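Before any comments, here is the structure.
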Amino acid sequence: DRDGANIFFQLISKRYEKHSTIITTNTPFSEWSEIFGSPVLSQAILDRLLHHSHVILIKGKSYRLKEKLEFFSNSSKQ
């Protein structure tokens with residue numbers, strides 16, 4: 001919600017250029033405005049997060065999903 005997005009922005013702002021922050025997400029940056037409810041707020045968050053950052057993009061199948069698919073595949077064979 002909007003209050004949560006503002007609190008998250010405050011957290012990122014206080015940590016900006018003072019502490020390391022690791023964020024993991026499966027949502028592309030282009031969709032963050034939907035999450036935070038405001039394109040302006042999401043842009044401000046991304047500006048602070050991406051400045052001096054290293055973005056690591058990992059593509060591939062989900063390890064956890066792979067285990068479940070194998071489980072259901074083996075269950076249906078029995």
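The set of residues in the range 34-78 being open to solvent by 90 Å² or more (accessible area, probe 1.4 Å) and under 25 Å from R2 (Cβ atoms) consists of E34, I35, P39, V40, Q43. Within the range 1-24, being assigned to a helix (DSSP H, G or I), β-branched (V, I, T) and open to solvent by 90 Å² or more (accessible area, probe 1.4 Å) holds for one residue alone: I7. Screening T27 with (1) open to solvent by 90 Å² or more (accessible area, probe 1.4 Å); (2) assigned to a loop (DSSP other than H, G, I, E, B) gives one miss only, at (1).
Pairing each residue of the range 47-73 that is closer than 27 Å to S20 by Cα with any residue that is assigned to a loop (DSSP other than H, G, I, E, B), provided the two are 6+ apart or on different chains, yields C-beta distances under 8 Å for R48/Y16; L49/T21; L49/I23; H51/Y16; H51/E17; H52/E17.
The values are calculated or read from the model by the stated rules, or taken from the named source; none is laboratory data. Computed from a predicted structure; not experimentally measured. No Cβ is skipped: glycine too gets one built from the backbone with ideal geometry, and neighbour counts run over all protein chains shown. Keep in mind that these areas ignore ligands, DNA and RNA; they rest on the heavy atoms of the full protein, side chains included. Shrake-Rupley method; radii C 1.70, N 1.55, O 1.52, S 1.80 Å.
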